Amino acid sequence: MTSMGKTRRMTAAGLAGAALAMALTVPAVADEGPAGEKAVAGATGAGWQLTQTGTDARFRGLAGVSRSVAWAAGSHGTVLRTTDGGKSWRNVSPAGAGELEFRDVEAFDARRAVVLAIGEGEASRVFRTEDGGATWTESFRNTDPRAFYDCMTFFDHRHGLAMSDPVDGKYRILSTGDGGRSWTVLPDDGMPAALPGEAGFAASGQCLVSSGPKDVWLATGGGATGRVLHSADRGLTWTATETSVPAGEGAKGVFGLAFRDRRHGIAVGGDYRKDQPSPQAAAVTRDGARSWTASATPPPAYRSGVAWLPHTKSAALAVGPTGTDLTTDGGRTWRTVDTGSYDTVDCTADGACWASGEKGRVARASLR
């Protein structure tokens, strides 16, 4: 492709991302969701459009592959897949997984995906499929009763990590180099000590995120401060930085992270208890998490998921049980654009965003 062709393509992509940001703020009419909630759905398709999933599972795990393909993983061992933009969903749950709680899913395409089940001891497991969920292989089962795995992330189709709450005072990191077929616990020599009471939150599949071939970030809460840990070598060595997101109690801290490159990131969180306020629920970094700045106008309540809109440098979405917020200035200020309940959000390179949460809710926003 010529340089002029590249320029035109990137310009068009940037305009598409900006238009998607505008679409989420277009005045909309109400539409009934699968559980009777109201959702944003404009006459031209703008805003969140709830899809009919046929289940009441809570989906805290979500992987948007494209406008057409997405995976959702949730309670009661439920995994769903769509290949038609959410018009229909297929239940592709692993056999015998009904007692497991899936909280994260990483998908490479319509056929290959990896899901993480959370919990103490053997409740933490990893499954992998290569045939669209027709069959699954259990590739990891935690046998340490002290470990509790929360999230996972992949740098590419082969290399990925999963993280556990602290064991012997340090976060435990699990590594794969073959697409999730096998896993190895990494040495913890390069991991800083966890704070007293500190842990990760398995709330949105975004307490461990990556950008590029080697950079990965880990979100924490429950300790004296909400921290973000960063590794530039795929989890071998880490540095920890305090954020402005309040912690200090087991229900408070950083719940979700999103990085659009190795320098620019957003952290969201707060206090997940319904009767508690969540001031300073978002922060931004421009130096890869070496420092964090509180959002001047943060989301008005606890948020568990966050995602950059595709092909933009300044637009992102944050979601939580009380609504969706949009920033168009890189996380400095936020405004609420929808009041539906979602736990996590993911956007795709071809101009779509997906969100999922309680009572079988999965929604999509895209440009037509």
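Each value in this text was obtained by applying a stated rule to the coordinates, not by laboratory testing. Remember, predicted model here, so these are calculated numbers, not experimental data. FYI the Cβ positions are ideal-geometry reconstructions off the backbone, even for glycines, and counts take in every protein chain you see.
With the chain treated as a Gaussian network of Cα nodes joined by springs under 10 Å, which of D168, D188, D338 yields the largest mean-square fluctuation? Answer for the Gaussian network model of the chain: D168.
GNM remark for the chain: springs join alpha carbons under 10 Å apart, and the peak mean-square fluctuation among P187, P298, P310 falls on P187. Here the Gaussian network model covers the chain, with springs between Cα atoms less than 10 Å apart; of A296, A318, A199, A296 fluctuates the most. Fully extending the segment from K313 to A224 would add 28.8 nm, taking 0.36 nm per residue of separation and subtracting the current Cα-Cα distance. Shape call for the range 139-185 from the C-alpha gyration tensor, a ≥ b ≥ c root eigenvalues: rounded (a/c under 1.5), prolate (a/b greater than b/c) or oblate? Taking the square roots of the gyration eigenvalues as a ≥ b ≥ c, the range 139-185 is prolate. Only lysine pairs 8 or more places apart or on separate chains count here, and in the chain those with Cα atoms under 24 Å apart total 11. 3J(HN,Hα) along the range 326-332: 10, 10, 10, 10, x, x, 6 Hz, from the Karplus curve 6.51 cos²θ - 1.76 cosθ + 1.60 with θ = phi - 60°, whole Hz, x for Gly and Pro.
Under the rule a/c < 1.5 gives rounded, and otherwise a/b versus b/c splits prolate from oblate, where does the range 226-273 land using the Cα gyration tensor? Each step should come with its number before you reach the end.
Values: a/c = 2.61, a/b = 1.70, b/c = 1.54.
Here the range 226-273 falls in the prolate category.
Report the net charge of residues surrounding S314, where surrounding means a beta-carbon distance below 11 angstrom and charges are Lys +1, Arg +1, Asp -1, Glu -1. Cβ neighbours under 11 Å give a net charge of +2.
Report the FRET efficiency, 1/(1 + (r/R0)^6), for H76 and Q280, where r is their Cβ-Cβ distance and R0 is 25 Å, rounded to 0.05. For H76 and Q280, the calculated efficiency is 0.15.
Put simply, the amide H of K170, placed in the peptide plane, has neighbours under 5 Å in A194, leaving out anything fewer than 5 places away on its chain. Length available on full extension from E122 to R273: 0.36 nm per residue minus the Cα-Cα distance, which gives 51.6 nm.
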